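I have placed the structure first, in the form of structure tokens, so that the comments after it can refer back to it.
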Amino acid sequence: MSEPVPIQRHGRGAAENPPNRFERRHTVEDPEALEEDELRRVPTEFLRDASRNVLSENDSPDVGFRWSVNPYRGCEHGCVYCYARPTHEYLGFSAGLDFETKIVVKHDAPALLARVLQKPSWTPETIVMSGNTDCYQPAERRLRLTRGCLQVLARHRHPAGIITKTHLVTRDLDVLREMATLDLVGVHVSITSLRDAITAAMEPRTSRPARRLEAVARLADAGVPVGVMVAPVIPGLTDEELPDILEAAAAAGARSASYQLVRLPGAVQDLFRAWLYRAFPGRADAVWNRILDIRSGNPGESRFGVRMRGTGPWAGVLDGLFHTARRRHGLERTLPPRATHHFRRLAGGQMGLFEELSD
């Protein structure tokens, strides 16, 4: 049974704005009242985030880190499967087009981070850049907030991790190389497919696969510990690529590899399903049924311990395929632990900070 096919939005993963679960009213676009170009092209808006807290705390045992910094809320990359989409509903927006076109920016993120590190109560442990949305999304090229946060961490000799899907991370090799000499940083590059067509449809404003592998190679050549995350794996669509992705990652210089199974919480389930029937109508039924099977009928599985891996026979096959390929290509190592003993609480607070941020 085929699904209704909304009009494709140019350069966007979602085609519509589903209702916000916290809002009583929902506005629906009238396609007949809009010009063709208005239907297809949705501009990006940038809004100021005035919050005074820059750190997010995580208590999930599945994630592996406690603290993260997200300079941007919402993500212009437009990955249709993104588990973070429902967080935009807390801001009064939709998890659909709003998530990728209304970007809320923490312009004060570097200064707020420096303030945290100056507190006598702060105990150093790895702070991850990203964790919710990609810290190297397109706006970072102009706003340079992620770079500013990295410079703050480097000045304080504080450990950091990075998760990204984009080649833009290589712009900051100078800072990352400096941090790597003190074992302060590790980078994970997410690669979901090696096929440009799938990446362009599923993650429309991210770097293409070859550029991500180039980023892995440049990080490795610079002495920055780098691993690859195959996240998420889409059963029936990208799972067959696991061995090839790990082979390419190892050849590029990655030290480690991990994977996560696609999880579709809240409104993401309907967004992804609509996209699937729109982008791959011939395979949509098979892919969707495989997701239901590996998720025991619940695509938004949230239980700790199983939400990243799935359950049942197909989950076991996928897990075996990944571990076999990881072992074959020497990617069973983890990135070296980040050092905390170099940390320094700089006298004079933020002296010199803004000079560095202008570099």
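Numerical summary
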{"item": "Of residues in segment 111-141 being under 21 Å from residue 64 (Cα atoms), assigned to a loop (DSSP other than H, G, I, E, B) and among the hydrophobic types (A, V, I, L, M, F, W, C), the one farthest from the chain's Cα centre (by Cα)", "result": "122"}
{"item": "Index of the failed condition, residue 92 passing every other in (1) over 19 Å from the mean Cα position of the chain (by Cα); (2) under 23 Å from residue 269 (Cβ atoms); (3) surrounded by 23 or more Cβ atoms within 10 Å (Cβ to Cβ)", "result": "(3)"}
{"item": "Counted residues, segment 249-262 - those being surrounded by fewer than 21 Cβ atoms within 10 Å (Cβ to Cβ), over 23 Å from residue 339 (Cβ atoms) and under 20 Å from the mean Cα position of the chain (by Cα)", "result": "1"}
{"item": "Residue match in segment 230-240 (condition: assigned to a helix (DSSP H, G or I) and within 18 Å of residue 322 (Cα to Cα))", "result": "yes"}
{"item": "Residue check for residue 282: of a type outside the set (Val, Ile, Thr), assigned to a loop (DSSP other than H, G, I, E, B) and within 17 Å of residue 21 (Cβ to Cβ)", "result": "no"}
{"item": "Index of the failed condition, residue 137 passing every other in (1) out of contact with any helix residue (DSSP H, G or I) (no Cβ under 7 Å at 6 or more places or on another chain); (2) farther than 22 Å from residue 49 by Cβ", "result": "(2)"}
{"item": "All positions within segment 303-333 that are surrounded by 13 or more Cβ atoms within 10 Å (Cβ to Cβ) and in a loop (DSSP other than H, G, I, E, B)", "result": "306, 307, 308, 309, 310, 311, 329, 330, 331, 333"}
{"item": "Residues (under 16 Å from residue 320 (Cβ atoms) and out of contact with any Gly (no Cβ under 9 Å at 6 or more places or on another chain)) located in segment 246-259", "result": "246, 259"}
{"item": "Some residue of segment 313-335 being acidic (Asp, Glu) and in contact with a strand residue (DSSP E or B) (Cβ under 8 Å, 6 or more places away or on another chain)", "result": "yes"}
{"item": "Pick from segment 129-149, criterion touching a Cys at 6+ places or on another chain (Cβ under 9 Å) and of a type outside the set (D, E, K, R), ranking: nearest to residue 44 (Cα to Cα)", "result": "137"}
{"item": "Any pair with Cβ under 7 angstrom, 6 or more apart, that starts in segment 211-228 at a residue that is within 12 Å of residue 169 (Cα to Cα) and ends at one that is surrounded by 17 or more Cβ atoms within 10 Å (Cβ to Cβ) and of a type in the set (D, E, K, R)", "result": "212/165; 226/255"}
{"item": "Top-ranked residue of segment 20-57 - restricted to ones that are of a type outside the set (A, V, I, L, M, F, W, C), at pLDDT 85 or above and part of a loop (DSSP other than H, G, I, E, B), ranked as nearest to residue 88 (Cα to Cα)", "result": "20"}
{"item": "Residues of segment 61-89 satisfying the condition of being in a loop (DSSP other than H, G, I, E, B), over 23 Å from residue 19 (Cβ atoms) and either among the charged types (D, E, K, R) or more than 12 Å from the chain's Cα centre (by Cα) (or both)", "result": "61, 62, 63, 64, 65, 66, 71"}
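One line per residue, one yes/no per condition, for (1) at pLDDT 95 or above; (2) assigned to a loop (DSSP other than H, G, I, E, B); (3) under 20 Å from residue 67 (Cα atoms):
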site	(1), (2), (3)
151	yes, no, yes
158	yes, yes, yes
188	yes, no, yes
215	yes, no, no
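The values are calculated or read from the model by the stated rules, or taken from the named source; none is laboratory data. Because the structure is predicted, anything quoted here is derived from the model rather than measured. Cβ: placed from backbone, ideal geometry, glycine included. Neighbour counts: every protein chain shown.
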